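The next block holds one structure in the form of structure tokens; read it before the comments.
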Amino acid sequence: MRAFRVAYDGTGYRGYQRQPHGNTVEDTLFEALSELGVDFEDGSPVGYAAAGRTDAGVSARAQTVAFEAPEWLRPRALNGELPADVRAWADADVPASFHATHDAVERTYRYFLYAPDLDVERAAEVCTQLSGEHDFHNLTPDETGTERDLSVSVERDGSFLVVDCRAGGFARELVRRVVSLLEAVATGEREAAFLERVLSAERLSGPDGVAPAAPEPLVLLDVRYRGVEFTVDEAAAESVHEVFDRRRRERLAGARVAETLAGDRQRG
């Protein structure tokens, strides 16, 4: 059994997990593994599991997948069959009993919130209130598994607030709704007492519900396992750097074009 670290740009996918309609990261991964001759059972690689099921538009730096892999299969070989926006970059031999989902002891998500005028100290106060053991049933569409021990932190990075959420596991849309709530309370759009209502047993709906923030600024940053040491494949890691640095430059150029268009409209 071998575990792989995989980075991907999720903006062009309908999420990580396979689904009947729309291309997903898992579809892409399975197609590559099939081309490489990996053994499948009931439609998945033998022993397969993944650390997380990111939503449509969400990206990852350290998605972790594990399956029965041939000895020769390393990240650089896997990348030879993957598209540029999905890159393996590290691997580790793990016991046959290893499960990439259930054995994860901590997951970290990072959200880049564009908020040049938001007071970081006020946002940090909200993070403190959201951290700890709570029932987050008002911040997820899930009906069960809503009690989580969550750590939320924030720091200023230029025009962005970088929000990190850490927990053993996450309910659906929890991070994106946490970010929406944080922004609403920190900007004064919602009263501080609203946060207490969200964390209470009362069920909120309609105008009192908290909608998820946009998915594109969210990244699955890290997944930790006890006793698992990943080895970075230097050639594969260099490929990750080249691919995503090129995308960074393209998007910076696109942002300048949008800025120019917005400015022209303002001038009439």
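All of the numbers you see were taken from the coordinates with simple rules; none came from a lab. Because the structure is a prediction, the values reported are computed rather than measured.
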Name the residue, out of 45, 83, 207, whose mean-square fluctuation peaks in a Gaussian network model built on the chain with Cα pairs under 10 Å.
-> 207
What number in nm² do you get for the range 104-219 if you take the convex hull of its Cα atoms and divide its surface by four?
-> 6.8
Report the percentage of all Cα-Cα pairs in the range 171-264 whose separation exceeds 16 Å, rounded to a whole percent.
-> 74
The rounded separation in angstrom of the Cα centers of the range 84-130 and the range 133-189 is 11
Tilt, helix 234-266 to longest principal axis of the chain (alpha-carbon atoms), in degrees rounded to tens, equals 30
Give the value in nm², to one decimal: projected area of the alpha carbon convex hull of the range 2-102, averaged over all directions.
-> 5.9
Kirkwood Rh, the range 39-172, all Cα pairs: how many Å?
-> 17.5
How long is the gain from residue 242 to residue 114 if the chain were fully straight, where each residue apart is worth 0.36 nm and the alpha carbon distance is subtracted?
-> 43.5 nm
For the chain, what's the relative contact order in percent, using C-alpha pairs closer than 8 Å and at least 6 residues apart?
-> 23
